[in-house]
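The numbers here are math on the coordinates, done by the rules we state, and not lab data. Just so you know, these numbers come straight off a predicted model, no measurement behind them. So basically every Cβ, Gly included, is an ideal-geometry build from the backbone, and we count neighbours across all protein chains shown.
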Amino acid sequence: MIPRSLLSMLMVVAATLSVAATDLFHIEDFMMQPGQTVEVEILLDNETSFTAFQTDLSLPEGLSVDMQSVALTGRKAEDHVLAINVLSNGDIRIMSYSMMIQPYSGTSGTLVTFNVTASESLSGPVVIRLKNNRFTNLQGREVQLDDTSCTVLVPSMVGDVNGSGDVTIADVTKLINYLLSKDPSACLLENADLNGSGDVTIADVTMLINRLLRGEFAN
């Protein structure tokens with residue numbers, strides 16, 4: 001027969017594990033160009049009400065964070081404080097807490113944003129990690145959430161839609177074939193959105209031709 005004290009302890013552990021399994025702190029995969037700066041969102045999907053957290057943001061070589069850009073979103077309470085520090089291993093520790101022990105609002109969506117810049121020589125894909133994700137619930141107990149990671153896709157070359165490593169008239173043909181067929185395997189779509197509209201259209205064909213005529217691609 002299991003002693004009552006041990007049974008109670010096991011129930012507490014099981015409850016903690018159950019909570020951790022339903023809460024997720026993560027960054028969704030995204031794409032960026034070498035030399036580009038983009039805003040990155042850290043999302044919290046939570047069934048548990050949390051009042052504080054800390055996480056270690058681990059970046060690969062070639063990506064850098066604007067420390068002044070790190071901010072909490074509207075999910076914070078009025079008195080939530082944000083603190084940031086660079087650790088000895090290069091990771092960025094982000095911490096937030098409420099002196100009044102107020103919870104973050106909602107059960108899903110962006111909790112933290114920051115700007116990340118890619119070096120001109122960045123090649124991908126590369127991985128960003130969130131480690132040591134420790135949250136505090138309304139009862140003041142610490143909840144350890146799983147480490148998470150996201151993939152940053154870095155196109156080899158905008159305009160190189162056939163993946164040859166160069167941008168030539170062959171890419172124009174490939175792009176036109178894609179527009180006619182809408183077959184996603186017909187070209188590298190991540191390299192085809194030349195005007196950054198978020199969609200691949202005839203406007204991208206026009207831009208590709210014009211840039212080829214101006215000799216903007218170094219082959």
**Q.** Folded to 0 to 90 degrees: helix 202-213 orientation relative to the chain principal axis, Cα
**A.** 60
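Expected output is a single nm value to one decimal: the length gained when fully extending between Arg129 and Ser49, i.e. 0.36 nm times separation in residues minus the C-alpha distance. What is it?
Numbers: separation 80, 0.36 × 80 = 28.80 nm, distance 2.33 nm.
Fully extending the segment from Arg129 to Ser49 adds 26.5 nm.
Based on the alpha-carbon set only, what is the convex hull volume of the chain divided per residue, in Å³? Please report the intermediate quantities before stating the final value.
Working: hull volume 39.0 nm³, N = 219.
Hull volume normalised by residue count: 178 Å³.
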Q | Relative contact order of the range 24-157, defined on C-alpha pairs under 8 angstrom at six or more residues apart (%) | A | 40
Q.
What is the angle, in °, between the Cα long axis of helix 4-22 and the longest principal axis of the Cα atoms in the chain? Nearest 10 is fine, range 0 to 90.
A. 20
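For Met31 and Tyr97, compute 0.36 nm times the residue count separating them, minus their Cα-Cα distance, and round to one decimal in nm.
On the way: separation 66, 0.36 × 66 = 23.76 nm, distance 3.10 nm.
This chain segment gains 20.7 nm when fully extended.
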**Q.** Contour minus Cα-Cα distance for Leu153 and Leu179 (0.36 nm per residue)
**A.** 7.1 nm
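Roughly how large, in nm² to one decimal, is the mean projection of the convex hull of the alpha-carbon atoms in the range 169-213? Could the numbers behind the result be given before it?
Working: hull surface 11.0 nm².
If you wrap the Cα atoms of the range 169-213 in a convex hull and average its projections, you get 2.8 nm².
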**Q.** Under 30 Å from the Cα of Lys182 - lysines, other chains or at least 8 residues apart
**A.** Lys174
Q.
With an 8 Å Cα cut-off and a minimum separation of 6 or more residues, compute the relative contact order for the range 35-108 in percent.
A. 43
Q. Under a point spin-label approximation (7 Å from Cα along Cα-to-Cβ), what is the Val86-Asn115 distance to one decimal in nm?
A. 1.7
